[in-house]
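Worksheet: the structure to be examined is printed underneath.
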Amino acid sequence: MKCRIVAVGNVKNSPLAELQKPYAQWLQGYMDLTIIEVATQNPPKNAGDKEIERQKEKEGEALLEKAGDGVIIALDQKGKQFSSEAFSEKLRDIKDLEGGKVVFLIGGPNGLSREVRKRSDLVMSFSQMTFPHRLSRVLLLEQLYRAMKIMYGEAYHR
């Protein structure tokens, strides 16, 4: 299975980089994992709705440009929620029926553009709660690892 995560923002010099590192390493045993970061478009502090929409559109263009091919799953608070077991089953279907390529898109602090949501095969949410976009990457890696353990019947998930 090939998995690409394309995310807005840089975590290289933050504690979040250390949190994601073990999951990314563990996942290498299950999939070919690539993480790509695209630049955050920072609107002015007092930006209005139009400037924020333009910022999301620019980030969305960058996300889609780097997405490549595969089943595109965008992470968004308003997306479909899955149990860990159902998420594992979805990944199994992608692995077995969809060519084994999946791309996860994570927007910036203001969310995803309409175009990203429209072009995605699935819009998924971890929760109705709001999480920082950079933390969402760590959550995704953990859930991917959990899903792989479930898929292969290995201990980890309880």
*asked:* If I filter the stretch 1-18 down to residues being closer than 18 Å to I73 by Cα and charged (D, E, K, R), which single residue comes out as surrounded by the most Cβ atoms within 10 Å (Cβ to Cβ)?
replied: R4
*Of the numbered conditions (1) small (G, A, S); (2) out of contact with any Asp or Glu (no Cβ under 6 Å at 6 or more places or on another chain); (3) crowded, with 17+ Cβ neighbours inside 10 Å; (4) at pLDDT below 95, G108 satisfies every one except a single condition; which is it?*
(2)
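Residues are listed down the side, and each one gets a yes or a no for (1) over 28 Å from E61 (Cβ atoms); (2) of a type in the set (S, T, N, Q):
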site: K95; (1), (2): yes, no
site: G107; (1), (2): no, no
site: S127; (1), (2): no, yes
site: L139; (1), (2): no, no
site: E142; (1), (2): yes, no
site: R146; (1), (2): yes, no
site: K149; (1), (2): yes, no
site: Y152; (1), (2): yes, no
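Criterion first (within 20 Å of R134 (Cα to Cα) and of a type outside the set (K, R)) does I94 satisfy it?
No, not satisfied.
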_Close pairs from the stretch 1-21: first among the polar types (S, T, N, Q), partner not in a helix (DSSP H, G or I), Cβ under 9 Å, at least 6 apart_ = N10/E37; N10/A39; N10/T40; Q20/V11; Q20/I35
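The values are calculated or read from the model by the stated rules, or taken from the named source; none is laboratory data. Owing to the predicted nature of the structure, the values given are computational and were not obtained by experimental measurement. As a convention, Cβ positions derive from the backbone with ideal geometry for all residues, glycine included, and neighbour counts pool all protein chains shown.
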